[in-house]
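Read-outs throughout are calculated quantities, based only on the coordinates presented, and are distinct from any laboratory measurement. From a predicted model like this one, the values you see are computed outputs, not experimental measurements. Cβ placement follows ideal geometry from the backbone for every residue including glycine, while neighbour counts extend to all protein chains displayed.
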Amino acid sequence: MPGFYTRYQKQKFQNYCYKFMNFLKNAHNKTVVEGRVIEVEIKPHILVLAVPSQDDNKEIIAEYPIPEEYKLDTQVDNIYFYPTGEFKIICDGNMREEGSITLSSRYGENKISLWAGSGTIFLEE
């Protein structure tokens, strides 16, 4: 039944997008609880959650893989979450007030918007 399979894959993709967004929100919350800066580095098929340091020896806290069948499209390189609840978005080496991460698959596309000024992360469907 191709119809059932397609609905299942769409729902699976939708669930993944929510998990992806929640990974970012949890990183945001973790900084407030732990009282330290946390960096999320965005790579083509993985998100790396780490504590930044002066040298290149970051303390990696978690990695969040992005399945091969999903495409990540963004200009955001890094997000720095601060214990104050604020965060900074880095795109091509420049700080921005807003950014977005688009996840797509053959079953749909969702955009996660980041607003540094208001400290908001939300999923646009």
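Remarks
- Any chance I61 is in contact with a Leu (Cβ under 8 Å, 6 or more places away or on another chain), surrounded by 14 or more Cβ atoms within 10 Å (Cβ to Cβ) and farther than 30 Å from R106 by Cα: yes
- Segments classed as strands (runs of 3 or more DSSP E), wholly inside region 1-86, with at least 2 members that are of a type outside the set (A, V, I, L, M): 38-43, 59-65, 71-74, 76-81
- Matching residues, region 89-99, being surrounded by fewer than 16 Cβ atoms within 10 Å (Cβ to Cβ) and either in contact (Cβ under 8 Å) with a residue 24 or more places away in the chain or closer than 28 Å to Q11 by Cα (or both): E98
- Taken over region 64-84, residues that are surrounded by fewer than 16 Cβ atoms within 10 Å (Cβ to Cβ) and in contact with a Lys or Arg (Cβ under 7 Å, 6 or more places away or on another chain) amount to 1.
- Looking across E34, E41, one residue alone is under 22 Å from V76 (Cα atoms) and out of contact with any helix residue (DSSP H, G or I) (no Cβ under 8 Å at 6 or more places or on another chain). It is E41.
- The residue that is farthest from E109 (Cα to Cα), among those in region 1-46 that are aromatic (F, W, Y) and surrounded by 12 or more Cβ atoms within 10 Å (Cβ to Cβ), is F23.
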